[in-house]
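**Q** Have a look at the structure that comes next, please.
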Amino acid sequence: MSPEVTPFFDEATNTVSYVVKDPAGRSCAIIDSVLDFDYASGHTDTRSADAVIDFVTREGLEVEWIIETHVHADHLSAAPYLQEKLGGKTGIGKNITIVQDTFGKVFNAGTEFQRDGSQFDALFEEGDSFHIGQMRGDVLHTPGHTPACMTYVIGDAAFVGDTIFMPDFGTARCDFPGGSAEQMYDSVQKILSLPDETRIFVCHDYKAPGRDEYAWESTVGEQKAQNVHVGAGKTKDDFVRMRTERDATLGMPKLIIPSLQVNMRAGDMPPAEDNGVTYLKVPVNRL
């Protein structure tokens, strides 16, 4: 079965969100939503999420799931806002608890911050499944970028988060806490073991050199043949060497500090302080 997939591209963060619809009904899921955030002013905006809401409302869809492929470090999740407006259950990988423990300490979140994943309605692990109407989604644990990275295979479509990008751009970095180039290679091989015709939907695109248009859909067959980091039979040793050397040259994502504090809470802001104002912390020399 082939789900109907509608992408929403946010150029400010190079993020692609998806509405995934059961072709036999009106049920849908939203994957990797975006809450707009201006770091300089500290202001949030819901225009990206509102575009999704407008589409869902206009098409008469029923949201069953609002899903994250991982704890994003480059944009804030709009999951709570979408859930308030559209309903549905939130979900993420079970290893969110590892990420919460790591960054709860980095941001000194205190004992009131629960590190058990309870902010989400569902914690997925390898082999789990869920349903969007009559369509089943299967869960693959694909760590490497982060410990909690998941791939959701829904019919003939796989939503891979940051594990792989378009074939001409390669794979995601592995140098965040809990990341692993070795695990990333194994995770990519798991994805590439799906049928060649499986559609691959990525979470980000940055227009590789020589390409003028943003893109976010490929196939397993194309990735196996053309991915510049892992395709055409590249070995694990070669990949780990390349990924390690490349990651050492990369700066931090510009929204990593607000994104992690919000996304480890399932998209909620930290609790307001005694003056009624919510603050995001900047840990000095910790990241």
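**Q** If residue 14 meets every condition in (1) open to solvent by less than 40 Å² (accessible area, probe 1.4 Å); (2) free of Cβ contacts under 8 Å to residues at least 24 places away in the same chain; (3) not β-branched (Val, Ile, Thr) apart from one, which number is that one?
**A** Among (1) open to solvent by less than 40 Å² (accessible area, probe 1.4 Å); (2) free of Cβ contacts under 8 Å to residues at least 24 places away in the same chain; (3) not β-branched (Val, Ile, Thr), residue 14 violates only (2).
**Q** If a residue has to be out of contact with any Cys (no Cβ under 8 Å at 6 or more places or on another chain), among the hydrophobic types (A, V, I, L, M, F, W, C) and not in a strand (DSSP E or B) to count, how many in region 26-85 make the cut?
**A** Residues in region 26-85 being out of contact with any Cys (no Cβ under 8 Å at 6 or more places or on another chain), among the hydrophobic types (A, V, I, L, M, F, W, C) and not in a strand (DSSP E or B): 12 in total.
**Q** Identify the residue in region 26-52 that is among the polar types (S, T, N, Q) and in contact with a helix residue (DSSP H, G or I) (Cβ under 8 Å, 6 or more places away or on another chain) and, among all such residues, is most open to solvent (accessible area, probe 1.4 Å).
**A** If we filter region 26-52 for residues that are among the polar types (S, T, N, Q), which is where we start, we get 27, 33, 41, 44, 46, 48.
Okay, now just the ones that are also in contact with a helix residue (DSSP H, G or I) (Cβ under 8 Å, 6 or more places away or on another chain), so 33, 46.
Values: 33: 5, 46: 38 Å².
The residue in question is 46.
**Q** State the number of residues belonging to region 269-287 that are of a type outside the set (D, E, K, R) and either touching a residue at least 40 places away in the same chain (Cβ under 8 Å) or buried (at least 17 other Cβ atoms within 10 Å of the Cβ) (or both).
**A** We begin by selecting, within region 269-287, every residue of a type outside the set (D, E, K, R); these are 269-272, 275-280, 282-285, 287.
When the remaining residues are screened for being either touching a residue at least 40 places away in the same chain (Cβ under 8 Å) or buried (at least 17 other Cβ atoms within 10 Å of the Cβ) (or both), the result is 270-271, 280, 283, 287.
Residues meeting the conditions: 5.
**Q** If you don't mind, another one. Can you report the number of residues in region 145-169 which are surrounded by 19 or more Cβ atoms within 10 Å (Cβ to Cβ) and part of a loop (DSSP other than H, G, I, E, B)?
**A** Of the residues in region 145-169, 14 are surrounded by 19 or more Cβ atoms within 10 Å (Cβ to Cβ) and part of a loop (DSSP other than H, G, I, E, B).
**Q** On the basis of being in contact (Cβ under 8 Å) with a residue 12 or more places away in the chain, at positive phi and not β-branched (Val, Ile, Thr), does residue 137 make the cut? Working first, answer last.
**A** Working: in contact (Cβ under 8 Å) with a residue 12 or more places away in the chain: yes; at positive phi: no; not β-branched (Val, Ile, Thr): yes.
Judged against the criteria, residue 137 is not a match.
**Q** Please determine whether any residue of region 46-61 is touching a residue at least 60 places away in the same chain (Cβ under 8 Å) and among the aromatic types (Phe, Trp, Tyr).
**A** No, there is no match, as no residue in region 46-61 is touching a residue at least 60 places away in the same chain (Cβ under 8 Å) and among the aromatic types (Phe, Trp, Tyr).
**Q** Look through region 62-97, keep the residues that are β-branched (Val, Ile, Thr) and farther than 15 Å from residue 265 by Cβ, and return whichever of them is surrounded by the most Cβ atoms within 10 Å (Cβ to Cβ). Talk me through it step by step, then tell me what you get.
**A** The first filter runs over region 62-97 and keeps only residues β-branched (Val, Ile, Thr), leaving 63, 66-67, 69, 71, 90, 92, 96-97.
Pick out the ones that are also farther than 15 Å from residue 265 by Cβ and you get 63, 67, 69.
Working: 63: 22, 67: 30, 69: 25.
Top of the filtered list is 67.
The values are calculated or read from the model by the stated rules, or taken from the named source; none is laboratory data. None of these values were measured; they are calculated from a predicted model. Every residue, glycine among them, receives a Cβ derived from its backbone with ideal geometry; neighbour counts consider all protein chains shown. In case anyone asks, the SASA skips ligands and DNA or RNA and just uses the protein heavy atoms, side chains included. Shrake-Rupley method; radii C 1.70, N 1.55, O 1.52, S 1.80 Å.
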